[in-house]
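Peer 1: A single structure is presented below for examination.
The values are calculated or read from the model by the stated rules, or taken from the named source; none is laboratory data. Bear in mind the structure is a predicted one, so any value in this text is a computation, not a measurement. All Cβ positions, glycine included, derive from the backbone under ideal geometry; neighbour counts span all protein chains shown. Side chains included, ligands, DNA and RNA excluded: accessible areas come from the protein's heavy atoms. Shrake-Rupley method; radii C 1.70, N 1.55, O 1.52, S 1.80 Å.
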Amino acid sequence: DGGITQSPKYLFRKEGQNVTLSCEQNLNHDAMYWYRQDPGQGLRLIYYSQIVNDFQKGDIAEGYSVSREKKESFPLTVTSAQKNPTAFYLCASSSTGSGRTGELFFGEGSRLTVL
Amino acid sequence: AQSVAQPEDQVNVAEGNPLTVKCTYSVSGNPYLFWYVQYPNRGLQFLLKYITGDNLVKGSYGFEAEFNKSQTSFHLKKPSALVSDSALYFCAVRDLRGGATNKLIFGTGTLLAVQP
């Protein structure tokens, strides 16, 4: 079935370590997104990509990095520069073709805990 | 500035009663509005959207939403609540900053608790 796969589901990290979250989609969508979810704050956009080899910062990009080498994949690295990385991370994708109506399709999320 | 507000952190309703989850928005131009639902430790699931046309939009699982331009609102409704509707609900609007993308701005979420 078509969808978005995020891994790992749960991840623990020591302070000072970088960690990479995986996001793969087989929906043939051009656009992909990373959101961060914290209790009481909703979802905030970290990075997004409209096309392969191009990506843009969202509202809270500091301390994060991404790459988009393949259409299907949009990994997110949480670096040691991110001051408060403990959160639930959600990857999403959407179509950008003509007639697009804008809904995002989400993965099941990755919960990162920094010890 | 574009924004979405969900004024209620939690809504409590008895099973079988109608439910309403409120959302107001602020955008320049015509809004693209969305509702999503999230169950614990899961991703978001799309419920419905308003792009243009009829102000009453029907979506998944018996939910509907009413677009009111004069009140800049997009409230989510269901005629008869189920215990299984208990979840976190997010309202969102398309973010028009930076040109034509599908980025969404989300509200802070409303926890719906349906009592048996």
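Peer 1: Roughly how many percent of the accessible protein surface of chain A is carbon and sulfur, given a 1.4 Å probe and a whole-percent answer?
Peer 2: 47 percent
Peer 1: Moving to a separate point now. Just want the answer: with Cβ charges of +1 for Lys and Arg and -1 for Asp and Glu, which residue in A:32, A:112, A:89 is farthest toward the dipole's positive end in chain A?
Peer 2: Checked the options; the winner is A:112.
Peer 1: Let me ask something additional. Lysine pairs, Cα distance under 26 Å, 8 or more residues apart or cross-chain: how many in chain A?
Peer 2: Step by step, the pairs that qualify in chain A add up to 9.
Peer 1: Toward the positive end of the charge dipole of chain B, about the Cα centre and with charges on Cβ (Lys, Arg +1; Asp, Glu -1), which of B:37, B:104, B:25 goes farthest?
Peer 2: The one lying farthest along the dipole's positive direction is B:104.
Peer 1: Let me ask another. Over segment A:1-112, what relative contact order in percent results from Cα pairs under 8 Å that are six or more residues apart?
Peer 2: 33 percent
Peer 1: Could I ask something else about it? Where the only charges are on Cβ atoms (+1 Lys, Arg; -1 Asp, Glu), what is the dipole of segment B:1-92 about its Cα centre, to the nearest 20 debye?
Peer 2: Working: 7 positive and 7 negative charges, 39 e Å.
That gives segment B:1-92 a dipole magnitude of about 180 debye.
Peer 1: Which order do A:12, B:74 take when ranked by solvent-accessible area (1.4 Å probe, heavy atoms of all protein chains), largest first?
Peer 2: Numbers: A:12 135, B:74 0 Å².
These residues rank, largest area first, as A:12, B:74.
Peer 1: Quick check for you: with a 1.4 Å probe and neighbouring chains kept, what is the accessible area per residue of chain B, in Å²?
Peer 2: Spelled out: the 1.4 Å probe surface of chain B, per residue, equals 46 Å².
Peer 1: Rounded to the nearest 20 Debye, what is the dipole magnitude of the protein assembly as shown about its Cα centre when Lys and Arg each give +1 and Asp and Glu each give -1 at the C-beta?
Peer 2: Computed charge dipole of the protein assembly as shown: roughly 300 debye.
Peer 1: Using a Gaussian network for chain B with springs between C-alpha atoms less than 10 Å apart, which of these wobbles most: B:85, B:54, B:95?
Peer 2: B:54
Peer 1: When only C-alpha pairs under 8 Å and at least 6 residues apart count, what is the relative contact order of segment B:1-92, in percent?
Peer 2: For segment B:1-92, the relative contact order is 35 percent.
Peer 1: What's the total accessible area buried between chains A and B, using a 1.4 Å probe, rounded to the nearest 100 Å²?
Peer 2: The contact between B and A buries close to 2000 Å².
Peer 1: A further question on this structure: Among all the lysines, which ones have a C-alpha under 29 Å from residue B:58's C-alpha, if same-chain residues fewer than 8 places away are not counted?
Peer 2: Reachable lysines: B:22, B:49, B:69, B:77, B:78, B:103.
Peer 1: Evaluate peptide A:43-51: per residue, the Cβ atoms of other protein chains within 10 Å of its Cβ; return the mean as an integer.
Peer 2: That works out to 3 on average.
Peer 1: Run the quick spin-label model on residue B:64 and residue B:77: label points 7 Å from Cα toward the beta carbon, then report their separation in nm to one decimal.
Peer 2: For residue B:64 paired with residue B:77, the spin-label model returns 0.7 nm.
Peer 1: Now a separate question. Return the average number of partner chain Cβ atoms within 10 angstrom of each residue Cβ along peptide A:54-67.
Peer 2: 1
Peer 1: Continuing with this model, one more query. Heavy atoms only, probe 1.4 Å: what % of the accessible area of chain B goes to carbon and sulfur, would you let me know?
Peer 2: 51 percent
Peer 1: Place a +1 charge on the Cβ of each Lys and Arg in segment A:1-93 and a -1 charge on the Cβ of each Asp and Glu, then give the dipole magnitude about the Cα centre in debye, rounded to the nearest 20.
Peer 2: 260 debye
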